[in-house]
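The values are calculated or read from the model by the stated rules, or taken from the named source; none is laboratory data. None of the values given here were measured: they were computed from a predicted structure. Cβ placement follows ideal geometry from the backbone for every residue including glycine, while neighbour counts extend to all protein chains displayed.
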Amino acid sequence: MIELDKEIAAVWEVIINGDANWLATTILEFDLTIENANSVLSKKNKSIKEQAFSTILKNRIYHGGIITKGSGLIKNGENGKGIKSRWYAKTLHDRISAINFVKNKIDFRTGDAFDFLEKNISEKEKYFFIDPPYIKAGRRLYTYFDIDHERLFKITSRLSGKYLLTYDDTDEIRSLADKYNLVYKTIPMKTTHHIQKNEIIISDNFDWWV
Ligand SMILES: C[S@@+](CC[C@H](N)C(=O)[O-])C[C@H]1O[C@@H](n2cnc3c(N)ncnc32)[C@H](O)[C@@H]1O
């Protein structure tokens with residue numbers, strides 16, 4: 001797994017390469033009030049552990065889980081529970097603990113996925129799952145939304161290994177896939193607002209497709 005955004009990467013660094021138990025326990029024991037949350041979020045020069053906790057907290061108490069600049073705290077939330085609406089501490093604790101059990105099977109790096117793909121372009125035995133920020137929705141969701149999509153299509157088309165690349169179904173993505181001779185299928189999916197949309201799956205192999 002590779003992630004460029006330091007706020008997000010800190011979560012994986014702590015779970016996979018650091019002290020997952022600390023993060024799970026800190027979440028479970030946190031007394032969620034506006035004052036306590038602000039004190040975590042506003043702390044300067046956070047350690048990587050503090051950054052990991054701060055990112056999880058932000059994701060759970062900000063509107064739509066969006067942690068980018070310009071986002072803000074949930075006001076009313078589910079059943080008027082405000083910032084507590086989506087703070088499922090026990091669930092988060094249990095998920096992190098579950099990942100902790102299998103973390104020796106996961107290799108996480110903070111970095112640029114383009115570099116990794118380019119370095120591994122001739123690796124026949126590798127399977128790449130590429131989940132980039134989508135063209136439309138990515139802008140709202142991620143700090144690093146503005147990636148060079150054409151460059152990603154170009155690199156993908158040159159991979160010797162296997163790959164699965166997911167995208168939102170837009171004219172731009174379809175024409176990039178056509179331009180680089182990449183084969184794709186569309187699949188229906190539901191957004192968090194239960195709106196039916198199509199996504200595009202690009203792969204070197206659709207033998208499994210039914
Ligand atoms: C659709 S999300 C992927 C989420 C991930 N699959 C997960 O489930 O946690 C796209 C992610 O790509 C990251 N990103 C953007 N540019 C990147 C780059 N050059 N290298 C690595 N990650 C990047 C964004 O920060 C964002 O977290």
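From the set of residues in region 103-126 that are among the aliphatic types (A, V, I, L, M) and closer than 14 Å to Ser160 by Cβ, which is nearest to the ligand (Cβ to nearest atom)? So that I can check it myself, show each step before the final result.
First, the residues of region 103-126 that are among the aliphatic types (A, V, I, L, M): 106, 113, 117, 121.
Next cut, closer than 14 Å to Ser160 by Cβ only: 117, 121.
On the way: Leu117: 9, Ile121: 15 Å.
Per the stated criteria, the residue is Leu117.
Can you name every residue in region 137-152 that is part of a loop (DSSP other than H, G, I, E, B), over 21 Å from Ser203 (Cα atoms) and more than 8 Å from the ligand (Cβ to nearest atom)?
The first filter runs over region 137-152 and keeps only residues part of a loop (DSSP other than H, G, I, E, B), leaving 137, 142-148.
Next, only the ones that are over 21 Å from Ser203 (Cα atoms) stay: 137, 142-146.
Within region 137-152, Ala137, Asp146 meet the criteria.
Say we look at region 86-101 and pick out the residues that are more than 19 Å from the chain's Cα centre (by Cα) and hydrophobic (A, V, I, L, M, F, W, C); which of these is farthest from Ser54 (Cα to Cα)?
Phe101
Can you list residue pairs whose Cβ atoms sit under 7 Å apart, with the first residue in region 58-69 being without any contact (Cβ under 8 Å) to a residue 60 or more places away in the chain and the second being hydroxyl-bearing (Ser, Thr, Tyr)? Count only pairs 6 or more apart in sequence or on different chains.
Qualifying pairs under 7 Å: Tyr62/Ser71; His63/Ser71.
Taking the stated definitions as given, is Arg158 touching a residue at least 12 places away in the same chain (Cβ under 8 Å) and of a type in the set (D, E, K, R)?
Values: touching a residue at least 12 places away in the same chain (Cβ under 8 Å): yes; of a type in the set (D, E, K, R): yes.
Answer is yes for this residue.
Condition first: within 16 Å of the ligand (Cβ to nearest atom) and within 25 Å of Arg140 (Cα to Cα). Can you find one or more residues in region 32-51 that meet it?
Applying the first criterion (within 16 Å of the ligand (Cβ to nearest atom)) to region 32-51 yields 51.
Subsequent filtering for residues that are within 25 Å of Arg140 (Cα to Cα) retains 51.
Yes, region 32-51 contains a residue that is within 16 Å of the ligand (Cβ to nearest atom) and within 25 Å of Arg140 (Cα to Cα).
Across region 127-146, which residue is surrounded by the fewest Cβ atoms within 10 Å (Cβ to Cβ) among those that are modelled with pLDDT under 95 and more than 19 Å from Thr55 (Cβ to Cβ)?
Top of the filtered list is Asp146.
Go through region 103-114 and give me each residue that's free of Cβ contacts under 8 Å to residues at least 60 places away in the same chain and either part of a loop (DSSP other than H, G, I, E, B) or surrounded by fewer than 12 Cβ atoms within 10 Å (Cβ to Cβ) (or both).
Asn104, Lys105
Filter region 54-71 down to the residues that are more than 13 Å from the chain's Cα centre (by Cα), closer than 17 Å to Thr33 by Cβ and not charged (D, E, K, R) and list them by number.
Keep residues of region 54-71 that are more than 13 Å from the chain's Cα centre (by Cα), which gives 54, 57-58, 60-64, 69-71.
With closer than 17 Å to Thr33 by Cβ added as a condition, the list becomes 54, 57-58, 60-62.
Correct list: Ser54, Leu57, Ile61, Tyr62.
Where residues in region 161-185 are surrounded by 13 or more Cβ atoms within 10 Å (Cβ to Cβ) and of a type in the set (S, T, N, Q), which of them is nearest to the chain's Cα centre (by Cα)?
That would be Thr166.
Test His193 against the criterion of being more than 16 Å from the ligand (Cβ to nearest atom) and either under 21 Å from the mean Cα position of the chain (by Cα) or not charged (D, E, K, R) (or both), and give yes or no.
On the way: more than 16 Å from the ligand (Cβ to nearest atom): yes; either under 21 Å from the mean Cα position of the chain (by Cα) or not charged (D, E, K, R) (or both): yes.
Taking the combined requirement at face value, the residue satisfies it.
What number of residues within region 1-21 are in contact with a helix residue (DSSP H, G or I) (Cβ under 6 Å, 6 or more places away or on another chain) and more than 16 Å from the ligand (Cβ to nearest atom)?
0
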